[in-house]
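Sharing a structure, written as structure tokens. Questions coming.
The values are calculated or read from the model by the stated rules, or taken from the named source; none is laboratory data. Since this is a predicted model, take the numbers as computed values, not measurements. Cβ coordinates were reconstructed from backbone atoms using ideal geometry, including for glycine residues, and neighbour counts include every protein chain displayed. Surface accessibility is based on the protein's heavy atoms, side chains included, excluding ligands, DNA and RNA. Shrake-Rupley method; radii C 1.70, N 1.55, O 1.52, S 1.80 Å.
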Amino acid sequence: MTETPIKAVAIGASAGAVQALLAILPALPARFSLPILVVVHVPPDRDNALAPLLQSKCRIAVKEAEDKEPIEGGAIYLAPSDYHLLVETQRTLALSTDELVNYSRPSIDALFESAADAYGPELVGVILTGANHDGAAGLKAVKDAGGVAIVEDPTGAYATAMPLAALEACPSAITMNIDAIASYLSSLGPA
Amino acid sequence: MTEDLEIELLLEALHQRYHYDFRHYARASIKRRLIHARGQLGFPTISAIQDRVLHDPSMLPRLLDYLTVQVSDMFRDPSYFKALREKVLPHLRTYPSLKVWIAGCSAGEEVYSLAILFREEGLYDRTIFYATDINPEALAAAETGVFPLDRIRKFTENHRKSGGKSSLSDYYTAAYGRAAFDKSLRSRVVFSDHSLVTDAVFAEMHLISCRNVMIYFDRPLQDRAIGLFRESLTRNGFLGLGSKESLRFSAHAPAFSEFVAGEKIYQRRER
Ligand SMILES: C[S@@+](CC[C@H](N)C(=O)[O-])C[C@H]1O[C@@H](n2cnc3c(N)ncnc32)[C@H](O)[C@@H]1O
């Protein structure tokens, strides 16, 4: 698919996110070596129960991202509710409470655009199910920077709007069903 | 990339011309905001913004609004204010007079929250509050204490969740779609322009609340700010950060102990 070794994965999901993530992340092998950065639209003011849920099913570490945290391989970082998650060019994480983007905080676009800046062609961006348009511009940024753009096949997605918007903004993205995404990501693991 | 260079040059220009120093702010969010500003203000490039702001000082406040994030709420993260109320104020009560510094106070949401909290706990009259920020428009708004009425429902809910002992409506009068907070809530507040990046310590504090400001700094700059707080705090003084901030990655971490785990409230160890 690409000659450049992949160094990080960014995933964005909205409506139907939990089921989709549960079909992908637990499939990753224990020795998976890349960092995975995840934005899920969750209501603000709600304790993020997603990290413990995913952790109970995954073989690699799952945590809420902390500000200024160095990004490490083999870990899943979730954007905390009500904060944007950004990647700095030195490959550390940064949080921000900037205005909502596409009615969302965290925003998938914000993560993907900053991650595309930091990782260039070494990034895979994955847009999953969702009922809005967040992530479309972000996925295009990933592709424009030379990275790999993947979209969940809208025909099988719980909510199709987000995958469709991503494909419209980034027509050269690869569509895959959830299982194919899981095995593709797993294959990236031990570099 | 050219755009990164233009941003670098713009920040350098702002520093040399106006002494606003954004050079060590977390770059990813500054970049997002400047690209947004370029679009909204109708400039073709970031360099065009630079050209304009260098020659036209009236452009500066507009640019500052993009460079400084003003998102805030009264009693934002109610559990933080609850922890102050239940765990920190009992200690502060033992002092005859108190100084509190709200650093990065934005339009005053946090200032009025603390003023109300201190009043409800009977400590207001012996406290001086220093409310500082670098954005002059935010400071001016903070001094007037007027907020759109449509924000009050959230504020009221937050206040209740923070363990509020009164009704928030006791503290403001509503008219024409606005809520004006009581003057008496700022009778002991000193509003002033102060930058955590370029300015020095100015008083000895018992409590410093600096929430959601340092996430915008890079690590060395965070260390500078935390160093200021460390020097400003009295023995056993308290430092409260935003809910997703911590001293974990700071060089000054050993100077503090965690006072309320989970609420990012720290205590200065004995000097
Ligand atoms: C997101 S607001 C936080 C408001 C409030 N503390 C809260 O948590 O809701 C960040 C504030 O920090 C201010 N700020 C940015 N840089 C600063 C600096 N160098 N020194 C002091 N304040 C700064 C901004 O102008 C803005 O008002």
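Tally the residues that are buried (at least 20 other Cβ atoms within 10 Å of the Cβ) and either within 16 Å of the ligand (Cβ to nearest atom) or small (G, A, S) (or both), restricting the search to segment B:105-125.
Looking only at that region, the number is 13.
Please verify whether segment A:22-37 includes one or more residues that are touching a residue at least 12 places away in the same chain (Cβ under 8 Å) and within 14 Å of chain B (Cβ to nearest Cβ). Break it down into steps so the answer makes sense when it comes.
Of the residues in segment A:22-37, the ones touching a residue at least 12 places away in the same chain (Cβ under 8 Å) are A:22-37.
Subset that is within 14 Å of chain B (Cβ to nearest Cβ): A:37.
The answer is yes, given that some residue of segment A:22-37 is touching a residue at least 12 places away in the same chain (Cβ under 8 Å) and within 14 Å of chain B (Cβ to nearest Cβ).
List every residue pair whose Cβ atoms sit under 8 Å apart, with the two residues 6 or more apart in sequence or on different chains, where the first one lies in segment B:186-208 and is farther than 19 Å from B:L89 by Cβ and the second, anywhere, is within 11 Å of the ligand (Cβ to nearest atom) and of a type in the set (D, E).
These pairs meet every condition: B:D193/B:D133; B:H194/B:D133; B:S195/B:D21; B:V197/B:D21; B:T198/B:D21.
I'd like to check something: does segment A:64-75 contain any residue that is within 14 Å of chain B (Cβ to nearest Cβ), within 21 Å of B:V71 (Cα to Cα), buried (at least 21 other Cβ atoms within 10 Å of the Cβ) and acidic (D, E)?
yes
Is it true that some residue in segment A:174-187 is within 14 Å of chain B (Cβ to nearest Cβ) and either within 16 Å of the chain's Cα centre (by Cα) or not acidic (D, E) (or both)?
no
Quick test for you: out of B:I152, B:I102, pick the one residue that is β-branched (V, I, T), crowded, with 17+ Cβ neighbours inside 10 Å and over 11 Å from B:S209 (Cβ atoms). So that I can check it myself, show each step before the final result.
Numbers: B:I102 fails: over 11 Å from B:S209 (Cβ atoms).
The conditions single out B:I152.
Turning to a different aspect of this structure: Return the pair list, or none, for Cβ contacts closer than 7 Å from residues in segment B:96-110 that are over 25 Å from B:A180 (Cβ atoms) to residues that are in a loop (DSSP other than H, G, I, E, B) and open to solvent by less than 10 Å² (accessible area, probe 1.4 Å), at least 6 apart or on different chains.
B:L98/B:L123
Output the number of residues of segment B:67-92 satisfying the condition of being away from the ligand (no atom under 11 Å from the Cβ), crowded, with 20+ Cβ neighbours inside 10 Å and within 11 Å of chain A (Cβ to nearest Cβ).
So the answer is 1.
Would you confirm whether any residue within segment B:243-266 is assigned to a loop (DSSP other than H, G, I, E, B), away from every other protein chain (no Cβ under 14 Å) and at pLDDT below 95?
Filtering segment B:243-266 down to residues assigned to a loop (DSSP other than H, G, I, E, B) leaves B:243-252, B:261-264.
So of that shortlist, the ones also away from every other protein chain (no Cβ under 14 Å) come out as B:261.
Filter again for at pLDDT below 95, leaving B:261.
Yes, segment B:243-266 contains a residue that is assigned to a loop (DSSP other than H, G, I, E, B), away from every other protein chain (no Cβ under 14 Å) and at pLDDT below 95.
Here is a further query. Output yes when any residue across segment A:55-76 is hydrophobic (A, V, I, L, M, F, W, C) and in contact with an Asp or Glu (Cβ under 8 Å, 6 or more places away or on another chain), and no when none is.
Scanning segment A:55-76 turns up no residue that is hydrophobic (A, V, I, L, M, F, W, C) and in contact with an Asp or Glu (Cβ under 8 Å, 6 or more places away or on another chain).
Does segment A:1-9 contain any residue that is closer than 23 Å to B:V71 by Cβ, open to solvent by 10 Å² or more (accessible area, probe 1.4 Å) and of a type in the set (D, E)?
No, because not a single residue in segment A:1-9 is closer than 23 Å to B:V71 by Cβ, open to solvent by 10 Å² or more (accessible area, probe 1.4 Å) and of a type in the set (D, E).
Can you name the residue in segment B:1-39 that is hydrophobic (A, V, I, L, M, F, W, C) and in contact with a strand residue (DSSP E or B) (Cβ under 7 Å, 6 or more places away or on another chain) and, of all such residues, is nearest to the ligand (Cβ to nearest atom)?
B:A26
A:V101 - would you say it is facing chain B (nearest Cβ under 10 Å) and at negative phi?
When the stated conditions are applied, A:V101 passes them.
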